[in-house]
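Remarks on the structure that follows.
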Amino acid sequence: MVAEATREALKGGEFLIKESEVQDVFIPEEFSEEQRAMAEACKDFIKKEIHPIIHRIDSMEEGLMRGLMQKAGELGLLGVGIPEEYGGLGMSFNTSMLIADIIGESGSFSTAYGAHTGIGTLPILYYGNEEQKKKYLPKLATGEWIGCYCLTEPDSGSDANSGKTKATLNAEGTHYLITGQKMWISNAGFADSFIVFAKIDDDKNLSAFIIEKSFGGITMGDEEKKLGIKGSSTRQVFFNECKVPVENLLSARQNGFKIAVNILNIGRIKLGAGVIGGCKEVASLSTNYSKERKQFGVSISTFGAIKYKLAEMATRIYATESASYRAGQNIEDKINAFIEEGMPDAEAKLKALEQFAIECAIMKVHGSEVLDYIVDEGIQVYGGMGFSEEAPMARAYRDARISRIYEGTNEINRMLLVGMIVKRAMKGELNLMQPAMAIAKELTSVPNMTPIDNSVFFAEEKEVVKNMKKAILMVAGDALQTLGTSFESEQEIMMNIADMMIEAYVAESTILRTEKLVGVRGEKACEAQINMTKTYLVAAVNKLEMAGKEAINSYAKGDKMKILLMGIKRYTKMNPFNTKEARRAVAEIMIEESAYPF
């Protein structure tokens with residue numbers, strides 16, 4: 001793997017105004033032997049323990065999911081990111097991303113796993129005091145205890161801080177009495193520990209508590225009947241004067257909302273990676289089925305329409321994987337940098353995740369929507385069988401749909417990432433105004449006709465990405481200037497700008513990954529990756545152009561509108577590329593390998 005010292009990650013959100021150099025990004029092909037061995041152990045676990053009993057899992061057989069979680073704990077899979085002194089493996093952040101990626105193909109188990117290892121454990125790891133860590137983390141790392149996270153309430157979905165669950169200190173000052181209702185709680189049916197958010201007395205902000213099931217005063221609603229992830233436990237949890245020792249307050253009073261926000265950042269980027277395994281599995285199954293299914297006397301894999309679907313699946317997977325691990329390693333590098341500066345480990349992780357909250361939101365939105373696309377096309381490849389519960393696509397389709405909802409809906413995340421960019425610019429943390437003003441000036445000047453140096457690999461594609469970023473700054477800068485304080489109420493425009501940012505980030509990540517691969521393997525060995533990269537870039541530019549036009553048409557008028565629309569046209573120009581032939585070449589490799597092989 002590339003030495004950490006050689007990689008200098010940009011600050012979070014800075015991708016919009018600065019170029020990343022190929023040597024500064026991490027690609028999944030650089031994972032170490034130790035990381036690959038851990039990944040293989042995870043794959044073996046899924047193959048042996050999950051796939052053969054997937055129907056039993058979905059039927060919610062009593063004790064089955066908890067037993068599987070305990071087996072995962074015995075293999076160390078629940079403690080990947082927990083330090084060794086607390087019973088974990090102490091592996092890197094990007095390693096935990098890799099395991100989330102692979103677990104993603106396990107359906108309902110991936111939800112139970114993610115709820116336990118993420119939101120059920122990390123608040124204690126990052127915010128707990130030493131006594132709390134020593135008491136709870138070893139049990140959670142081994143699977144002796146299962147954790148869950150209780151934030152959402154019936155009247156507080158995306159507005160988490162409006163929760164009504166109350167905590168009152170008893171007369172003796174020894175315990176908080178917690179009363180309230182939580183809903184959509186994953187793992188609730190078999191959890192031993194609960195991270196619970198409540199307001200103490202009349203506090204404005206939430207506080208967080210570690211609650212053990214044995215404390216009493218806890219009752220459960222029935223298991224929710226869900227569209228997908230049917231094998232995961234999802235229940236309402238009711239607290240009726242649940243008696244919680246004062247030492248189980250997590251972090252400081254009224255720090256709960258901050259805990260919730262920062263833990264969700266982790267959940268978002270882990271979800272971005274966590275869809276990859278499922279996407280690859282669906283692409284592989286679809287490829288195999290297309291070879292077996294005969295129509296008009298030949299396999300449907302010979303049809304151009306099917307090749308399009310297979311290659312488009314591969315292209316989007318490759319792009320998602322490229323961006324996920326780029327962002328994951330940026331976070332890892334920032335963690336290491338903070339630790340070198342003397343910051344405590346837990347604080348360093350939180351600060352790094354906060355720094356890259358924009359990229360976390362980008363990957364959550366992008367990954368979940370790629371997953372939805374791929375399972376939808378998987379059903380289409382299977383045709384009538386895709387609609388049957390006898391084939392694997394129906395379950396994949398149902399299970400995928402939740403990804404666009406949890407860890408904050410995709411709509412919330414789109415507005416969040418744009419809002420964060422704007423706030424950082426206003427605080428002077430990101431110098432967006434100067435580049436945006438330069439682009440506004442450039443719009444009224446003669447276009448720069450300097451020829452591109454095509455001796456540099458991907459020089460043309462990198463120029464396209466530069467222009468994509470100019471288009472974003474042009475639209476976002478002008479919208480802010482025109483709309484002023486009403487900008488944040490224009491949700492449609494914010495979502496347009498978010499889509500532009502997502503496409504630029506993912507396209508650039510894909511280009512950098514392929515450029516780095518070519519440097520190692522040579523151009524000939526990377527033909528498929530080059531084809532996928534160029535194909536993705538064409539689609540990304542088209543999406544960015546459409547989103548930019550929608551935003552401009554939403555608020556601009558007269559000559560200003562004409563100038564901005566001319567700017568979008570100018571900044572989305574690119575030379576023609578034969579995506580049909582590129583996709584066919586990618587599909588042929590998949591068909592030959594009977595899988596997603598990249």
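Would you pick out the residues in the range 210-236 that are of a type in the set (Gly, Ala, Ser) and assigned to a loop (DSSP other than H, G, I, E, B)?
Correct list: 216, 217, 221, 228, 231, 232, 233.
Please state which of the following conditions residue 10 fails to meet, knowing it meets all the rest: (1) of a type outside the set (S, T, N, Q); (2) surrounded by 17 or more Cβ atoms within 10 Å (Cβ to Cβ); (3) at pLDDT 95 or above; (4) within 24 Å of the chain's Cα centre (by Cα).
(3)
Only one of (1) assigned to a loop (DSSP other than H, G, I, E, B); (2) surrounded by 16 or more Cβ atoms within 10 Å (Cβ to Cβ) is not met by residue 451, so which one is it?
Failed condition: (2).
Out of everything in the range 146-180 that is part of a loop (DSSP other than H, G, I, E, B) and hydroxyl-bearing (Ser, Thr, Tyr), what residue ends up being surrounded by the most Cβ atoms within 10 Å (Cβ to Cβ)?
Ranking the candidates gives 165 first.
Given the condition under 23 Å from residue 129 (Cα atoms), under 18 Å from the mean Cα position of the chain (by Cα) and either in the same structural domain as residue 396 (by TED's automatic domain parsing) or part of a helix (DSSP H, G or I) (or both), answer yes or no: does some residue in the range 267-283 qualify?
There is at least one residue in the range 267-283 that is under 23 Å from residue 129 (Cα atoms), under 18 Å from the mean Cα position of the chain (by Cα) and either in the same structural domain as residue 396 (by TED's automatic domain parsing) or part of a helix (DSSP H, G or I) (or both).
From 561, 566, 590, which residue is assigned to a helix (DSSP H, G or I), without any contact (Cβ under 8 Å) to a residue 40 or more places away in the chain and either aliphatic (A, V, I, L, M) or touching a strand residue (DSSP E or B) at 6+ places or on another chain (Cβ under 7 Å) (or both)?
The unique qualifying residue is 561.
Of all residues in the range 247-261, which are closer than 13 Å to residue 160 by Cβ, of a type outside the set (Val, Ile, Thr) and surrounded by 20 or more Cβ atoms within 10 Å (Cβ to Cβ)?
256, 260
(1) closer than 23 Å to residue 139 by Cα; (2) in contact with a Gly (Cβ under 9 Å, 6 or more places away or on another chain): which one isn't true of residue 75, the others all being true?
It is condition (2) that residue 75 fails.
Here is a list: 577, 598. Which entry is outside the structural domain of residue 437 (by TED's automatic domain parsing), part of a loop (DSSP other than H, G, I, E, B) and either within 24 Å of the chain's Cα centre (by Cα) or surrounded by fewer than 19 Cβ atoms within 10 Å (Cβ to Cβ) (or both)?
Numbers: 577 fails: outside the structural domain of residue 437 (by TED's automatic domain parsing).
The match here is 598.
Please find, within the range 387-415, the residue that is nearest to residue 112 (Cα to Cα) out of those that are within 14 Å of the chain's Cα centre (by Cα) and polar (S, T, N, Q).
Only one residue tops the list, namely 403.
Could you list, in sequence order, all residues of the range 483-518 that are hydrophobic (A, V, I, L, M, F, W, C), crowded, with 24+ Cβ neighbours inside 10 Å and over 11 Å from residue 548 (Cα atoms)?
Correct list: 502, 504, 506, 507, 511, 512.
Please list, ordered by residue number, the helices (runs of 4 or more DSSP H) wholly in the range 292-404 having 3 or more residues that are touching a residue at least 40 places away in the same chain (Cβ under 8 Å) and farther than 18 Å from residue 269 by Cβ. Working first, answer last.
On the way: elements: 304-340, 345-355, 357-382, 393-400.
So the answer is 304-340, 357-382, 393-400.
Checking the conditions here, which among 464, 422, 418 is touching a residue at least 60 places away in the same chain (Cβ under 8 Å), under 30 Å from residue 516 (Cα atoms) and under 24 Å from the mean Cα position of the chain (by Cα)?
418
Counting residues that are within 28 Å of residue 322 (Cα to Cα), hydroxyl-bearing (Ser, Thr, Tyr) and outside the structural domain of residue 512 (by TED's automatic domain parsing), which helices (runs of 4 or more DSSP H) fully inside the range 30-110 reach at least 1?
Numbers: elements: 33-45, 54-58, 64-74, 93-103.
Here the list reads 93-103.
The values are calculated or read from the model by the stated rules, or taken from the named source; none is laboratory data. Here the structure is a predicted model, which is why all the values come from computation and not from measurement. Virtual Cβ from ideal backbone geometry, glycine too; neighbours counted across all protein chains shown.
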